[in-house]
Amino acid sequence: MFAVIVNTVAIILGTTMGLLLRRGIPQHISEAVMKALGLCTVVIGVQGAVAEERILLMIVACVLGVLIGEWQDLEGRVNRFTERITSRYAGQGAGAKIANAFVTSCLIMNVGAMVIVGSLNAGLSADFTLLYTKSLLDLVSGTIMGAAMGVGVMGSALFTLVFQGGIVLFAERLAPFISPELIKEISCIGSLLIVAIGLNMLELTKLKVINYLPALAMVPVLLWLEDLCG
């Protein structure tokens, strides 16, 4: 949970800095920082993915996972959901602006593959690297959104604590009942998704990473089939 608390504090600090600036941050500076973090994210993902010893399992899991994701259009559904929520709180009044800032920042910081993979890594294998990386991203995002949208962004810190913390605690409770082999495979495939996130941050690709998330669910199924056939 410590990494989740760090993430929460990063959002508070970022929003506070944004409120103090208010004039905003030059776009070229924010873009440069985000790309630097994207490059680091790629390195983190590669380091985890190269530990994969069962390449065939990774390939099959990713292929089946993205087939399910594309079939169900998971990323499209998430995007449409976020659009509906943000449009509901759009308005001109002070209360509406605060609500819009809160909802928008919560969705930006907590909807995506990085949240799921990072929280699972933290809970299952005590690997907090991705959540610390996300903390840096949210520090930058919080600063930018705080300057642009105001104090409502601060509320996303509490949402992050509850949402990410809930996933981490659930994964921690689940970990004793999962084999080390399964945890390793989930971590390796999760690392591959991290590479995809980093590439998107660098604007080299436009991968629909959320559509790849079912690959994580394919891992236990494939290991079970392997044991059944072996």
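Select from region 202-221 the residues that are hydrophobic (A, V, I, L, M, F, W, C) and buried (at least 19 other Cβ atoms within 10 Å of the Cβ) and write down the one among them that is nearest to Asn121 (Cα to Cα).
At the first step, the residues of region 202-221 found to be hydrophobic (A, V, I, L, M, F, W, C) are 202, 204, 207, 209-210, 213, 215-219, 221.
So of that shortlist, the ones also buried (at least 19 other Cβ atoms within 10 Å of the Cβ) come out as 209-210, 213, 215-216, 218-219.
Details: Val209: 17, Ile210: 17, Leu213: 14, Ala215: 15, Leu216: 12, Met218: 17, Val219: 15 Å.
Result: Leu216.
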Between a residue in region 4-22 that is under 15 Å from Gly155 (Cβ atoms) and touching a residue at least 12 places away in the same chain (Cβ under 8 Å) and any residue that is of a type in the set (S, T, N, Q) and exposed (fewer than 15 other Cβ atoms within 10 Å of the Cβ), which pairs come within a Cβ distance under 9 Å, given they are 6 or more apart or on different chains?
none
Scan of region 129-167 for residues that are of a type outside the set (Val, Ile, Thr) and closer than 17 Å to Gly38 by Cβ, ordered by number
Leu130, Leu131, Tyr132, Lys134, Ser135, Leu136, Leu137, Asp138, Leu139, Ser141
I need the full set of residues from region 106-122 which are crowded, with 20+ Cβ neighbours inside 10 Å and small (Gly, Ala, Ser), in order please.
Ala113, Gly118, Ser119, Ala122
Got a sec? Which of Leu136, Leu199, Leu182, Leu174 is modelled with pLDDT of 90 or more, surrounded by fewer than 21 Cβ atoms within 10 Å (Cβ to Cβ) and over 22 Å from Thr82 (Cα atoms)?
Leu199
For a quick check of your reading of the model, give me the residue pairs whose first member lies in region 121-143 and is without any contact (Cβ under 8 Å) to a residue 24 or more places away in the chain and more than 13 Å from Ile11 (Cα to Cα), whose second is hydrophobic (A, V, I, L, M, F, W, C) and part of a helix (DSSP H, G or I), with beta-carbon atoms closer than 9 Å and at least 6 apart or on different chains.
Ala126/Ala175
Tally the residues that are part of a helix (DSSP H, G or I) and surrounded by 14 or more Cβ atoms within 10 Å (Cβ to Cβ), restricting the search to region 52-75.
14
Quick one: count up the residues across region 1-51 that are more than 19 Å from the chain's Cα centre (by Cα), crowded, with 18+ Cβ neighbours inside 10 Å and under 15 Å from Asp127 (Cβ atoms).
0
Quick one: is Thr129 under 15 Å from the mean Cα position of the chain (by Cα), at pLDDT 85 or above and polar (S, T, N, Q)?
yes
Pairs please, first residue from region 171-198 and farther than 12 Å from Asn121 by Cα and in contact (Cβ under 8 Å) with a residue 40 or more places away in the chain, second anywhere and surrounded by 21 or more Cβ atoms within 10 Å (Cβ to Cβ) and of a type in the set (S, T, N, Q), Cβ atoms under 7 Å, 6+ apart in sequence or on different chains.
Ile197/Thr41; Gly198/Thr41
Give the residues of region 172-230 that are within 17 Å of Glu53 (Cα to Cα), under 16 Å from the mean Cα position of the chain (by Cα) and of a type in the set (S, T, N, Q), sorted by residue number.
Ser187, Ser191
Could you please let me know if Met154 is under 15 Å from the mean Cα position of the chain (by Cα), more than 22 Å from Leu124 (Cα to Cα) and crowded, with 20+ Cβ neighbours inside 10 Å?
no
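The values are calculated or read from the model by the stated rules, or taken from the named source; none is laboratory data. Owing to the predicted nature of the structure, the values given are computational and were not obtained by experimental measurement. Virtual Cβ from ideal backbone geometry, glycine too; neighbours counted across all protein chains shown.
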